[in-house]
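The values are calculated or read from the model by the stated rules, or taken from the named source; none is laboratory data. Computed from a predicted structure; not experimentally measured. With ideal geometry, Cβ positions are generated from the backbone for all residues, glycine too; neighbour counts draw on all protein chains shown.
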Amino acid sequence: MTTKEQLLALFEANRGVYFSGEEIARKLSVSRAAVWKAVKTLQNEGYAIDAVTNKGYCLSAQTDILSAQGIQKYLNTEIKDMKISVLPTVSSTNSFVREQANNGAAPNSLVVANEQTAGRGRVGRSFYSPKDTGVYMSLLLRPKQYSAEQAVSITTMAAVAVCEAIEAVSGEKAEIKWVNDIFVRGKKVCGILTEGSFGLESGMLEYAVLGIGINLYQPESGFSEELQPIAGAIFTARRNDAKNRLVSEFLNRFYGYYAESYQSSYVEQYRKRCFVIGRQVTLISANESKEAVVLGIDDRCRLLVKYLDGTEDCCSSGEISIRF
């Protein structure tokens, strides 16, 4: 690690605690000049680091900036050493990670961005990803012997893990709109896009890129007129270290389910949080839209519906529209 990275790890583990320049230099085995330079660099990047004569340097507890060190300090032991890269801006975290995957990147690496300039949603839609208001991340997975059917479970596992993370950090109730949208207080705060590569001969999943965009705060100028009816944010005011906590809470929960994926232990949680059960919806597929009532969610998180003509169906893909 660079001196800056070591210093940030020290500060993140001790928010609100002052360290003298001499003490930091000794802990990191560097010169005091190197400490001063690293502090200045972090301050220029937006970190609220106080420098007080006779007390030293301190990372304020009143800050909410993404960092790999800030995320890792909250991770469970079994995933604490996973590779995490935090970028100030990127066109799309999914595109970035897919390129890494095609170049042989190792599994369980995470890219998190503070802004996306070309964020992507499902079926070719864009995903609004303004600077400093959300968390935009993509996780590279290389599960063994996953069929296309099993690959769908990555999205539904992630949906449950996001809900649990939001609830742990904010205290707000989070719900799922089948198949991959997360709602808080009746507004969409998160979208999930899972993309994969399958072997031509085996038909098995070679890798998956799990992309998640979460709105923590309202944009300064608010959401656009087009997004206002549907889009929302988790918090109404800034929270200390909320971004790092939210990412780590998601990872801790997701990997708990991912390790037990064949046991489908997350399915009941998905079913419990899916607020469309019992509601009339419009089921949208490539060729048509049909009105239906949602009967339930099966053990593979497929949507069980009854059309207006009385016929029933089981849907594993597509999307639904619902009136609020």
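Values for this structure:
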{"read-out": "Criterion: β-branched (Val, Ile, Thr) and assigned to a loop (DSSP other than H, G, I, E, B) - qualifying residue of VAL179, VAL209, VAL189", "value": "VAL179"}
{"read-out": "Residues satisfying the stated conditions in the stretch 93-116, i.e. in contact (Cβ under 8 Å) with a residue 60 or more places away in the chain and buried (at least 19 other Cβ atoms within 10 Å of the Cβ)", "value": "THR93, ASN94, VAL97, ARG98, ALA101, LEU110, VAL112, GLN116"}
{"read-out": "Scope the stretch 117-130; condition in contact (Cβ under 8 Å) with a residue 24 or more places away in the chain and either of a type in the set (Lys, Arg) or touching a Gly at 6+ places or on another chain (Cβ under 9 Å) (or both); matching residues", "value": "GLY119, ARG120, GLY121, ARG122, PHE127, TYR128, SER129"}
{"read-out": "Sole residue being at pLDDT below 95, farther than 23 Å from TYR217 by Cα, in contact with a helix residue (DSSP H, G or I) (Cβ under 9 Å, 6 or more places away or on another chain) and hydrophobic (A, V, I, L, M, F, W, C), chosen from ALA51, ALA25, ALA34", "value": "ALA51"}
{"read-out": "The one condition in (1) surrounded by 18 or more Cβ atoms within 10 Å (Cβ to Cβ); (2) out of contact with any Ser or Thr (no Cβ under 7 Å at 6 or more places or on another chain); (3) touching a residue at least 40 places away in the same chain (Cβ under 8 Å) that LEU42 fails to fulfil", "value": "(3)"}
{"read-out": "Tabulated pairs, the stretch 73-88, first within 20 Å of GLN6 (Cβ to Cβ) and in the same structural domain as SER248 (by TED's automatic domain parsing), second in a helix (DSSP H, G or I) and of a type in the set (Val, Ile, Thr), C-beta under 6 angstrom, 6+ apart or interchain", "value": "ILE84/ILE71"}
